[in-house]
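The values are calculated or read from the model by the stated rules, or taken from the named source; none is laboratory data. It should be emphasised that the depicted structure is a prediction, and the values quoted were computed from it without experimental measurement. Please note: Cβ atoms are built from the backbone with ideal geometry, for glycine as well, and neighbour counts cover all protein chains shown.
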Amino acid sequence: MPPLIAAGPASGVDLFADPVLEDPYPVYEALRTTGRVVWLDQHQAWFAGRHEEVSAVLTRPKTFSCEHGVALTSAGSRQPPESTVPPRGGQRHLSMRSPLSRHLNSGAVKALTAETRSQAELMAHQYTAREEFDAVEFVTRFVAGRVVRLMDLPETAGPELVASALAVVDMSAPDHTRYHSETLATAMTAVLSRVVSRKTARRGSWLDRLYKAADTGYLSECDVVPLMAAYVTSGVDTTICGITAALHHLARSPMYFRRVRAERLDPAAVFHEAIRLDAPVQVLERRVTRDALIGDTRLRAGQRVWASPGSSGRDPRRWGSHAAVFRPERADGTQHLAFGLGPHSCAGRQLAQMYAVSLLQALARFGTRLEIAGDPVRTRSSAFRGWKALPLRITPDRRRFRARASTV
Ligand code: HEM
């Protein structure tokens, strides 16, 4: 398709160049200053980076639609979307989202909390005993373990699913950058089809409930595996990036770690503040379905809009002059857009928060001090903002170690 002519403020920046991926925030700031929306020549898409405009795009699905999928690339869009992510619109989106949501609402998450906390304590105890560890390895092991447990998958499937989930999401990045992994990405459904069956479904588990939904006709049996894939794709790397972001900010702020430890600061606030500042998903794509005005710029039907939670989280118009500062005690700290907004907003928000709280609380229980132990390395993913390696040092609380040893 020939490029659509755009009239409005424009920029030649490449959002996926290595230096921008390393630190996108100065670029976002320049784009926010340039206009409410800015045409990106390199990507042939509008960029919405202010909180108000990102919210407007995400909450007007009839005008800014994601029914065609959310990939930022033709390679991602080639992939049958239902093999990896929930359908994005219409009745089918609702019927697929609904069984997902039922497993992720506050009651369902509450029922999982005790077991998750005990797993978090076990792992925090092990890793604190080492005194130095890689937060990425720690969090990945925890999240992958939770996912295979919730889905009744064999533990050995965890690493393969995590790798495949990252590849699926990387396919949504622009073609010219780091997308090399179509085979790995399509492995997701292959892995699941191999290990998931009615026979493996434990009574009351997510898998069991999905098969029951198929029995009642609510869902087609052939939707079970795609739905499982959707859980994994949507929920694994996002959560890993979110929790490691929280650990990174906490390790740089000893005062806040002490407060969490003393139960004077809710770990949920730490998590939200971290993903406000470093949204795991930096950009969400929508397609303009009919001409629309944002400010005095006219967006034409057929054009693409990239709404950026990564940018909106640091918009001083919304967050004030300390927008770029980690302040978990902010009163309105959960009002960020890192989980999206509107009909496609994150279905797993409460589960992700519960995972984060469990892990942060457990570390603060066994450690008296958390620090960065070496140079962290950023992931060069065009789809996620996360860490490839995040070395941490934790000082064990010997008294609590002894106390736990005497109870197990
Ligand atoms: C820190 C962790 C997480 C972050 C930052 C995050 C972020 C997001 C965002 C930004 C969206 C909206 C996408 C859009 O509007 O195009 C989304 C959707 C979604 N998320 Fe999450 N997510 C996280 C964890 C999870 C978890 C743990 C699960 C489930 C196990 C999950 C399941 C989903 C699903 C199913 C959708 C699609 C909703 C729909 O289209 O109706 N997410 N997530």
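The single condition among (1) within 13 Å of the chain's Cα centre (by Cα); (2) modelled with pLDDT under 95 that Ala279 does not meet is (2).
From the list Asp223, Asp237, pick out the single residue that is crowded, with 24+ Cβ neighbours inside 10 Å, of a type outside the set (Phe, Trp, Tyr) and at pLDDT below 95.
On the way: Asp223 fails: crowded, with 24+ Cβ neighbours inside 10 Å.
Of the residues listed, the single one that is crowded, with 24+ Cβ neighbours inside 10 Å, of a type outside the set (Phe, Trp, Tyr) and at pLDDT below 95 is Asp237.
Which one is farthest from Ala274 (Cα to Cα), of the residues in the stretch 304-329 that are surrounded by 20 or more Cβ atoms within 10 Å (Cβ to Cβ) and touching a strand residue (DSSP E or B) at 6+ places or on another chain (Cβ under 7 Å)? Here the answer is Val305. Looking across the stretch 270-318, the residues that are of a type in the set (D, E, K, R) and free of Cβ contacts under 8 Å to residues at least 40 places away in the same chain come down to Asp291, Asp296. Within the stretch 322-340, residues that are of a type in the set (Asp, Glu) reach partners that are within 15 Å of the ligand (Cβ to nearest atom) with beta carbons closer than 9 Å, at six or more positions or on different chains, in the pairs Glu329/Ala269; Glu329/Glu273. Would you confirm whether or not the stretch 344-366 contains a residue that is farther than 25 Å from Lys110 by Cβ and touching a helix residue (DSSP H, G or I) at 6+ places or on another chain (Cβ under 7 Å)? Scanning the stretch 344-366, I find no residue that is farther than 25 Å from Lys110 by Cβ and touching a helix residue (DSSP H, G or I) at 6+ places or on another chain (Cβ under 7 Å), so the answer is no. Selection of helices (runs of 4 or more DSSP H) fully inside the stretch 210-284 by the criterion of at least 2 residues being of a type in the set (S, T, N, Q) and under 24 Å from His344 (Cβ atoms) returns 224-251. For Thr244, state whether it is touching a Phe, Trp or Tyr at 6+ places or on another chain (Cβ under 6 Å) and either within 10 Å of the ligand (Cβ to nearest atom) or closer than 21 Å to Pro309 by Cα (or both). Judged against the criteria, Thr244 is a match. State whether the residues of the stretch 297-307 include one that is under 24 Å from the mean Cα position of the chain (by Cα) and over 21 Å from Ala10 (Cβ atoms). No, every residue in the stretch 297-307 fails to be under 24 Å from the mean Cα position of the chain (by Cα) and over 21 Å from Ala10 (Cβ atoms).
Take the stretch 305-324 and flag every residue that is outside any loop (DSSP other than H, G, I, E, B) and either more than 16 Å from the ligand (Cβ to nearest atom) or at pLDDT below 95 (or both).
First, the residues of the stretch 305-324 that are outside any loop (DSSP other than H, G, I, E, B): 305-307, 309-312, 316-319.
Pro316, Arg317, Arg318, Trp319 - these are the residues of the stretch 305-324 that are outside any loop (DSSP other than H, G, I, E, B) and either more than 16 Å from the ligand (Cβ to nearest atom) or at pLDDT below 95 (or both).
Filtered by the rule that a residue be under 21 Å from Arg252 (Cβ atoms) and more than 7 Å from the ligand (Cβ to nearest atom), the stretch 336-349 gives a lone residue, His336.
Every residue, every condition in (1) surrounded by fewer than 19 Cβ atoms within 10 Å (Cβ to Cβ); (2) within 11 Å of the ligand (Cβ to nearest atom); (3) not in a loop (DSSP other than H, G, I, E, B), yes or no:
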{"site": "Arg286", "(1), (2), (3)": "no, yes, yes"}
{"site": "Arg298", "(1), (2), (3)": "yes, no, yes"}
{"site": "Ala331", "(1), (2), (3)": "yes, no, no"}
{"site": "Thr334", "(1), (2), (3)": "yes, no, no"}
{"site": "Leu351", "(1), (2), (3)": "no, yes, yes"}
{"site": "Met354", "(1), (2), (3)": "no, yes, yes"}
{"site": "Leu359", "(1), (2), (3)": "no, no, yes"}
{"site": "Leu370", "(1), (2), (3)": "no, no, yes"}
{"site": "Ser381", "(1), (2), (3)": "no, no, no"}
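Just one of the numbered conditions (1) among the small types (Gly, Ala, Ser); (2) within 17 Å of the chain's Cα centre (by Cα); (3) at pLDDT below 70 is not true of Ala144: (3).
So for the stretch 124-136 (the condition being of a type in the set (Gly, Ala, Ser), in a helix (DSSP H, G or I), closer than 25 Å to Val224 by Cβ and at pLDDT 80 or above), does at least one residue qualify? Can you show your working first?
Residues of the stretch 124-136 that are of a type in the set (Gly, Ala, Ser), as a first pass: 124, 129, 135.
Now narrow it down to the ones that are in a helix (DSSP H, G or I): 124, 129, 135.
Among the residues that remain, those that are also closer than 25 Å to Val224 by Cβ are: none.
No, that holds for no residue.
Has the stretch 73-83 got at least one residue that is modelled with pLDDT of 85 or more and closer than 29 Å to Lys388 by Cα? No, because not a single residue in the stretch 73-83 is modelled with pLDDT of 85 or more and closer than 29 Å to Lys388 by Cα. Of all residue pairs spaced 6 or more apart or on separate chains, those with beta-carbon atoms under 9 Å, a first member in the stretch 353-375 that is free of Cβ contacts under 8 Å to residues at least 24 places away in the same chain and a second member that is among the basic types (Lys, Arg) and more than 16 Å from the ligand (Cβ to nearest atom) are Gly374/Arg393. Given the condition within 16 Å of the ligand (Cβ to nearest atom) and modelled with pLDDT of 95 or more, answer yes or no: does some residue in the stretch 203-216 qualify? Among the residues of the stretch 203-216, not one is within 16 Å of the ligand (Cβ to nearest atom) and modelled with pLDDT of 95 or more, which makes the answer no.
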